[in-house]
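To start, the structure itself, in structure tokens.
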Amino acid sequence: MDAAPVLRVDELTKHFPVTEGLLWTKVVGWVKAVDGIAFSVGQGQTLALVGESGCGKTTTAKLILRLERPTAGTVTVDGEDVHTLGGEALKQYRAKVQAVFQDPWSSLSPRMRVREIVAEPLVINGLASSHEIKERVAEILSAVGLRPQQADLYPHEFSGGQRQRIAVASALVSRPKLIVLDEPVSALDVSIRAQIMNLLVDLQRQYDVSFLLIAHHLATTRYMAHEVAVMYLGQIVEKAPTKELFTSPLHPYTKALFSAALPAHPDIAREEIILSGEVPSPINPPSGCRFHPRCPFAMRQCSETEPSPKEIAAGHMVACHLY
Amino acid sequence: MSRPVGDVILEVDDLHTYCFTRWGVVKAVDGVSFSLRQGETLGIVGESGSGKTMTALSLLRLVPRPAARIVKGSIRLAGEDLLAKSEREMRAVRGRRISMILQDPQTSLNPVFTIGNQLIEAIQIHHKDGRGSLVRRAIEGLKQVRVAAPERRVADYPHQISGGMKQRVVGAIAISCEPKVLIADEPTTSLDVTIQAQYLRLLREIQQATNLALIFITHDFGIVAKMCDRVIVMYAGRAVESGPVRDIFNRPSHPYTQALLSSVPSMDEDVARLYSIAGQPPALWDLPEGCRFAARCPHADDRCRHEYPRAFSVGEGHTADCWRLEKEWTPRPFSASTS
């Protein structure tokens, strides 16, 4: 991570209004989906966002993809604030940032041939001539392990793993700098997951593309990511290089999350930290540290003041009063 | 995790469940045998289409009709042949003696009835009782699955409670009639990790308290490692390997089990590269005559392609269907170089 980061997120915040009434709606509260998060992803690097449902990882992805507008804060790709872009710069942004979604059964149009699906980013953004498009599609299809002859088939003629390869090809064809991977393997069968994970890792090396990986399966993030950020109720509670985080997790939530993960062998006995209760509503998040009502180590100050992120080791940030 | 296990409660022998479709006969379950003791947890692992759910549905005789039929084999519950029972007699078995938890609590609860009513519905079928005592039983049931403030919760509708809570309610319904066997079909896949841990612990506590025999249907070896005593690995309708959980993890003997185990990333160590199984499972209506894994197996030879291997014993209670085990063969872990 020497040069300027490909993606930079600063103080990013998204609050959704909770409204009442049909015609005369009034705002009765705010869902604090994402609340002041910051991170960056270097070229050719993978940052994983992990957390349970409702922690804001998908909203973060949408903010980066310009599918939602932030309440506050900035998303910078390649040095440009993506939410102020327009015209030609916006077209370029759309080629530079791509996404692969969880479910390849619903993310690919059933009425388009593979060739059209894969070429779409090039066609829409007017990036290449029709001859070039044909070549690029063939090149990318073979890069993801499909035969160029398969370009004339429809998505329903493929299995789940192959469909996800098509989705990856479509994301890669415009030579993006950043691909947002939203649970890219969790809809696939176990024996197919490894194929796709290996493919993504290989393509990252080959094309030097950055990944923002959103996953709830911790072992997947350990395999694929260089850096992992743990989110809880709209905030990043801990962020560290992958190995560091997995060998010495610090935040009580990270520890609980790791201890709840299923073991890879029956003899691996984890210290079981079973959290009581469930994630509180993001409409009225708890005061102070948002984790304090479920935290086994909560002290008095945890319910009063919000902990600010501290750097404990190189690149290892944690937001907790214990440190 | 070693619990005292009791007598054999369920015995399945050579079970065949076929689906007769327009495109041909889908051999969803093609010769599966196992037995289950009281207080024991059996894991059935496999990918989608391997026949694990059809095996479970066959135990309850709930296979989708008219397409699917149990064509061969026997299922004995405490010595009684379930396949010989009439539909009426089966109704006294379902819920009362064998019960099931499905994957998605969102769809297994009825949105227009309160959770109290749905619990009562299940209890009522097997225990005729007055309304007041049924409500008390329902509250008791919710307490058993650690639902907080059960007196108020009985009046809630499914949409008013969280996913983890819903799955607890489904669990409460499943154990409300004190079944001997509980089948859990991917019970935690729709739950978050920390909620999953709570739920698995709950199931284990219930099992310890009631000496329930549990069947876990899953694609996740993590669940198997955490919960099960014995495992069956299914592939394309066959149980290709079965044995005690530690043996399966320490000495996986079928190439499919080996490949599956080495294709799962680990949270506890760095893996340089995952092994990945090439290709896909065969179509169930067009199965190869030999070993069903042969097309994807790095060790397959001509015999594998033409003759289905018999089960070879590789340890106490540990068998695998692979010709390579005929000669003494110590399985080597897969290297990641072939992907």
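For every residue, the table says whether it meets (1) modelled with pLDDT under 95; (2) crowded, with 17+ Cβ neighbours inside 10 Å; (3) in contact with an Asp or Glu (Cβ under 7 Å, 6 or more places away or on another chain).
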{"position": "B:R3", "(1), (2), (3)": "yes, no, no"}
{"position": "B:V8", "(1), (2), (3)": "yes, no, no"}
{"position": "B:F20", "(1), (2), (3)": "yes, no, no"}
{"position": "B:W23", "(1), (2), (3)": "yes, no, no"}
{"position": "B:V26", "(1), (2), (3)": "yes, yes, no"}
{"position": "B:S35", "(1), (2), (3)": "yes, no, yes"}
{"position": "B:G39", "(1), (2), (3)": "yes, yes, no"}
{"position": "B:G43", "(1), (2), (3)": "no, yes, no"}
{"position": "B:G46", "(1), (2), (3)": "yes, yes, no"}
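Answer with yes or no whether B:R136 is surrounded by 16 or more Cβ atoms within 10 Å (Cβ to Cβ) and at pLDDT 85 or above. When the stated conditions are applied, B:R136 does not pass them. Here is a check on your reading of the model: is A:E120 more than 14 Å from chain B (Cβ to nearest Cβ), under 23 Å from A:L203 (Cα atoms), out of contact with any strand residue (DSSP E or B) (no Cβ under 7 Å at 6 or more places or on another chain) and at pLDDT 90 or above? Yes, satisfied. Going through segment A:168-203 one residue at a time, which ones are in a helix (DSSP H, G or I), open to solvent by 10 Å² or more (accessible area, probe 1.4 Å) and away from chain B (no Cβ under 14 Å)? The one that is in a helix (DSSP H, G or I), open to solvent by 10 Å² or more (accessible area, probe 1.4 Å) and away from chain B (no Cβ under 14 Å): A:S170. For segment B:307-330, the criterion of being closer than 30 Å to A:Q162 by Cα and facing chain A (nearest Cβ under 9 Å) is met by no residue.
A count restricted to segment A:123-144 and to residues that are basic (K, R) and open to solvent by less than 60 Å² (accessible area, probe 1.4 Å) stands at 1. Within segment A:64-91, the set of residues being part of a helix (DSSP H, G or I) and free of Cβ contacts under 8 Å to residues at least 12 places away in the same chain comprises A:T84, A:G87, A:E88, A:A89, A:L90. Among helices (runs of 4 or more DSSP H) entirely within segment B:146-247, having at least 2 residues that are buried (at least 19 other Cβ atoms within 10 Å of the Cβ) and at the interface with another protein chain (Cβ under 10 Å from one of its Cβ atoms) singles out B:163-175, B:193-210, B:221-227.
Assess whether B:S48 counts as being more than 27 Å from B:G6 (Cβ to Cβ), assigned to a loop (DSSP other than H, G, I, E, B) and not aliphatic (A, V, I, L, M). Spelling it out, B:S48 is indeed more than 27 Å from B:G6 (Cβ to Cβ), assigned to a loop (DSSP other than H, G, I, E, B) and not aliphatic (A, V, I, L, M). In segment A:212-323, counting only strands (runs of 3 or more DSSP E) that sit wholly within it, the ones holding 1 or more residues that are open to solvent by less than 10 Å² (accessible area, probe 1.4 Å) span A:227-232, A:235-241, A:316-318. A:D189 fulfils the conditions (1) out of contact with any Lys or Arg (no Cβ under 6 Å at 6 or more places or on another chain); (2) more than 29 Å from A:A48 (Cα to Cα) except for a single criterion, (2). Restricting the first member to segment B:244-258 and to residues that are of a type in the set (D, E), and the second to residues that are open to solvent by less than 10 Å² (accessible area, probe 1.4 Å), the beta-carbon pairs closer than 9 Å and six or more apart or on different chains are B:D247/B:V231; B:D247/B:S253; B:D247/B:H318. Of the residues making up segment A:274-302, those that are polar (S, T, N, Q) and either within 9 Å of another protein chain (Cβ to nearest Cβ) or under 25 Å from B:M267 (Cβ atoms) (or both) number 1.
Read through the list (1) open to solvent by less than 70 Å² (accessible area, probe 1.4 Å); (2) farther than 21 Å from A:L212 by Cβ, then give the number of the only condition that A:P110 fails. Among (1) open to solvent by less than 70 Å² (accessible area, probe 1.4 Å); (2) farther than 21 Å from A:L212 by Cβ, the lone unmet condition for A:P110 is (1).
With respect to the conditions (1) surrounded by fewer than 19 Cβ atoms within 10 Å (Cβ to Cβ); (2) without any contact (Cβ under 8 Å) to a residue 24 or more places away in the chain, B:M267 falls short on a single one, namely (1). Scanning segment B:188-197 for residues that are in contact with a Phe, Trp or Tyr (Cβ under 7 Å, 6 or more places away or on another chain) and at pLDDT 85 or above gives a single hit, B:T188.
Residues of segment B:249-297 that are assigned to a helix (DSSP H, G or I), facing chain A (nearest Cβ under 9 Å) and within 19 Å of B:G43 (Cβ to Cβ): B:F249, B:N250, B:Y256, B:A259, B:L260, B:L261, B:S262. The lone criterion from (1) in contact (Cβ under 8 Å) with a residue 40 or more places away in the chain; (2) under 25 Å from the mean Cα position of the chain (by Cα); (3) more than 30 Å from A:T254 (Cα to Cα) left unmet by B:G141 is number (1).
Yes/no matrix, rows are residues, columns are (1) within 9 Å of chain B (Cβ to nearest Cβ); (2) touching a Pro at 6+ places or on another chain (Cβ under 9 Å):
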| site | (1), (2) |
| --- | --- |
| A:A219 | yes, yes |
| A:Y223 | yes, yes |
| A:Y232 | no, no |
| A:I236 | no, yes |
| A:A240 | no, yes |
| A:S248 | no, no |
| A:E272 | yes, no |
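Evaluated against (1) open to solvent by 10 Å² or more (accessible area, probe 1.4 Å); (2) out of contact with any strand residue (DSSP E or B) (no Cβ under 6 Å at 6 or more places or on another chain), B:A259 falls short on exactly one condition, (1).
The number of residues in segment A:204-217 being under 13 Å from the mean Cα position of the chain (by Cα) and within 13 Å of chain B (Cβ to nearest Cβ) comes to 4. Selection of segment A:295-308 for residues being out of contact with any helix residue (DSSP H, G or I) (no Cβ under 8 Å at 6 or more places or on another chain) and more than 19 Å from A:A33 (Cα to Cα) yields A:M299, A:R300, A:Q301, A:E304, A:T305.
With the condition kept exactly as written, say whether any residue in segment B:91-108 is of a type in the set (V, I, T), open to solvent by 50 Å² or more (accessible area, probe 1.4 Å) and assigned to a loop (DSSP other than H, G, I, E, B). There is no residue in segment B:91-108 that is of a type in the set (V, I, T), open to solvent by 50 Å² or more (accessible area, probe 1.4 Å) and assigned to a loop (DSSP other than H, G, I, E, B).
The values are calculated or read from the model by the stated rules, or taken from the named source; none is laboratory data. Note that the structure is predicted; figures quoted are calculated from it, not measured. Note that we place each Cβ from the backbone using ideal geometry, even for glycine, and neighbour counts take in every protein chain shown. For accessibility, only protein heavy atoms count, side chains too; no ligands or nucleic acids. Shrake-Rupley method; radii C 1.70, N 1.55, O 1.52, S 1.80 Å.
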